[in-house]
Amino acid sequence: KTHFLSPSFVYPFGTDDVGNSVFDVVWSGTKNSLIIGLVCTAINMFLGILIGSIWGFSKKLDKYLIEVYNVVSNVPFLLLAMILSYVLGAGFKSLIFTMCVTDWIFVAYFIRTQVMIIRDREYNLASKCLGTSTWTIITKNILPYLISVIMTYISREIPSFISYEVFLSYMGLGLGYGQASLGKTISQYTSHMRGHPHLFWIPVGVLAIVSISLYVIGQRLADAADPRTHM
């Protein structure tokens with residue numbers, strides 16, 4: 001019998017009810033969850049930074065986007081994500097779309113606020129008087145100053161998306177059949193909480209370690225990118 005074996009050198013995390021190596025299952029699930037978190041963060045940060053930078057300078061755009069933000073911010077994200085996941089069905093692409101369809105507006109609003117704080121400083125006004133284009137001011141004078149702030153935001157985004165994926169997959173609305181993730185692994189092993197609790201707590205522990213590690217790394221990168229720490 002190879003099912004429900006205890007952790008050993010051959011099976012570091014033991015085996016489950018069908019004889020699969022828990023280490024292999026958790027490794028595959030963690031890889032997919034990380035990919036989803038990184039892809040969603042990359043898409044949202046790209047759109048958010050691009051639109052937010054322009055939003056911070058454009059009064060015409062501000063009039064429309066602020067209304068979009070007010071509407072979206074009053075709709076619970078997880079409720080919307082669950083509805084979209086149910087409508088679109090399980091799968092990698094639908095999960096990415098579900099988690100990116102509205103979150104970019106929050107990134108854009110955050111960047112817009114940061115741009116509005118910096119845009120009227122003396123050196124930017126001087127650049128504008130000298131005929132420097134708005135796009136050059138954004139890319140040369142403003143965004144480099146916001147690198148540490150953006151890194152801090154990213155350090156929160158990646159663990160958040162991994163947590164959303166885990167929740168949706170746990171509810172059966174995440175990845176499709178045959179696609180592993182931490183959420184599906186935790187959901188799969190929940191039934192063994194009494195007889196073999198380590199099957200449940202191992203992926204939960206891995207989720208906690210990954211989330212905390214990504215947050216700490218992001219904070220360290222933000223500190224390293226902050227020019228005030230090098231004065």
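At-a-glance table
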| item | result |
| --- | --- |
| Accessible surface, per residue, of the chain when the full set of protein chains is kept, probe 1.4 Å, Å² | 56 |
| Between helix 22-55 and the chain: long-axis angle, C-alpha atoms, 0 to 90°, nearest 10 | 10 |
| For the range 83-209, size of Cβ-based charge dipole, Lys and Arg +1, Asp and Glu -1, in debye | 80 |
| Projected area averaged over orientations for the chain, convex hull of C-alpha atoms, nm² | 15.9 |
| Solvent-accessible area, 1.4 Å probe, carbon plus sulfur percent, for the chain | 67 |
| Flagged links, alpha-carbon separation over 25 Å, of 93/140; 59/140; 63/93; 60/93; 31/93 | 93/140; 63/93; 60/93 |
| Integer Hz, Karplus 6.51/-1.76/1.60 couplings in order for the range 198-203, x for Gly and Pro | 5, 5, 7, 6, 5, x |
| Tilt relative to the chain, helix 147-170 - C-alpha long axis, 0 to 90 degrees, to 10 | 30 |
| Crossing angle, helix 77-88 versus the chain [Cα axis fit, 0-90 degrees, rounded to tens] | 70 |
| Residue 147/residue 5 FRET efficiency (R0 45 Å; Cβ-Cβ; nearest 0.05) | 0.40 |
| Nearest-20 debye value, the chain charge dipole, Cβ charges on Lys, Arg, Asp, Glu | 440 |
| Restricting the range 101-155 to chymotrypsin sites (Phe, Trp or Tyr not before Pro) in coil, as DSSP defines it, with at most 14 other Cβ within 10 Å | none |
| Residue range of the chain that is longest and free of trypsin sites (Lys or Arg not before Pro) which are both DSSP loop and sparsely packed (at most 15 other C-beta within 10 Å) | 2-120 |
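The values are calculated or read from the model by the stated rules, or taken from the named source; none is laboratory data. Because the structure is a prediction, the values reported are computed rather than measured. Every residue, glycine among them, receives a Cβ derived from its backbone with ideal geometry; neighbour counts consider all protein chains shown. Surface areas here come from the heavy atoms of the whole protein model, side chains and all, with no ligands, DNA or RNA. Shrake-Rupley method; radii C 1.70, N 1.55, O 1.52, S 1.80 Å.
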